[in-house]
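Take a look at the structure set out below.
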Amino acid sequence: MLVQQILKSKGDNGVLTIKTSTKVSEAAQILAERRIGGLVVSDDGESPDGILSERDIVRSLAVRGTGCMTESVEEMMTRNPVCCSRQDTSDAVLTRMTDGRFRHMPVVEDGKLVGIVTIGDVVKARLQELAMEKDALQGMIMGH
Ligand code: AMP
């Protein structure tokens with residue numbers, strides 16, 4: 001399955017971004033309200049400058065204490081996130097996520113952000129594919 005099919009199945013709701021100057025506390029609020037685990041950081045709303053995950057916040061809290069919550073996202077985000085394109089396969093994305101040990105990937109076309117896929121989206125797509133393959137194989141074996 002291609003990334004563009006995953007995006008389509010999620011519905012085209014645009015991509016929520018935050019700016020590098022956003023306070024970490026505000027980003028944490030957005031993560032909690034939206035029940036998501038990561039946010040793309042982009043000052044122009046188009047090209048991804050970084051990515052901020054709930055893990056970044058938890059790690060900073062453990063290492064540096066609650067003071068990190070008043071810092072800007074720029075201090076904490078991962079710069080130059082690994083991105084994928086609409087034409088990438090779910091398999092390729094899953095491999096990159098597993099190798100890089102992260103669960104979010106911005107989707108970029110011509111340098112512009114067009115979506116975000118999570119490991120949950122990709123695993124769901126893979127499971128659907130496997131179920132369809134199983135049905136097709138069963139059909140062949142049963143002679144349908
Ligand atoms: P995650 O598993 O996505 O919550 O993130 C784990 C760590 O990887 C955090 O430090 C994130 O900032 C970082 N990270 C998340 N997504 C990406 C990505 N696409 N490229 C590079 N680093 C990432």
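Yes or no: the range 93-103 includes at least one residue that is in contact with a Cys (Cβ under 8 Å, 6 or more places away or on another chain) and farther than 13 Å from Gly115 by Cα. Yes, some residue in the range 93-103 is in contact with a Cys (Cβ under 8 Å, 6 or more places away or on another chain) and farther than 13 Å from Gly115 by Cα. Answer yes if at least one residue in the range 118-132 is within 13 Å of the ligand (Cβ to nearest atom), in a strand (DSSP E or B) and of a type outside the set (Lys, Arg), and no otherwise. Checked the range 118-132: at least one residue is within 13 Å of the ligand (Cβ to nearest atom), in a strand (DSSP E or B) and of a type outside the set (Lys, Arg).
Applying the condition of being in contact with a Ser or Thr (Cβ under 8 Å, 6 or more places away or on another chain) and of a type outside the set (Lys, Arg) to the range 80-104 and asking which residue is farthest from Leu16 (Cα to Cα) yields Phe102.
Taking the criterion of being open to solvent by less than 40 Å² (accessible area, probe 1.4 Å) and either away from the ligand (no atom under 11 Å from the Cβ) or not in a strand (DSSP E or B) (or both), the residues of the range 49-82 that qualify are Asp56, Ile57, Ser60, Gly65, Cys68, Ser72, Val73, Met76, Met77, Pro81.
Scanning the range 95-113 for residues that are among the hydrophobic types (A, V, I, L, M, F, W, C) and open to solvent by less than 40 Å² (accessible area, probe 1.4 Å) gives Met97, Met105, Val107, Val108, Leu113. Among the conditions (1) of a type in the set (A, V, I, L, M); (2) in a helix (DSSP H, G or I); (3) open to solvent by 50 Å² or more (accessible area, probe 1.4 Å), the only one that Ile36 does not satisfy is (2). Among the residues of the range 4-24, which ones are open to solvent by 40 Å² or more (accessible area, probe 1.4 Å), hydrophobic (A, V, I, L, M, F, W, C) and within 10 Å of Val114 (Cα to Cα)? Within the range 4-24, just Val15 meets the criteria.
The values are calculated or read from the model by the stated rules, or taken from the named source; none is laboratory data. A quick note: this is a predicted structure, and the numbers were derived from the prediction, not measured. Neighbour counts are summed over all protein chains in view; Cβ atoms, including those assigned to glycine, are modelled from backbone coordinates with ideal geometry. Ligands, DNA and RNA are excluded from the accessible area calculation, which covers all protein heavy atoms including side chains. Shrake-Rupley method; radii C 1.70, N 1.55, O 1.52, S 1.80 Å.
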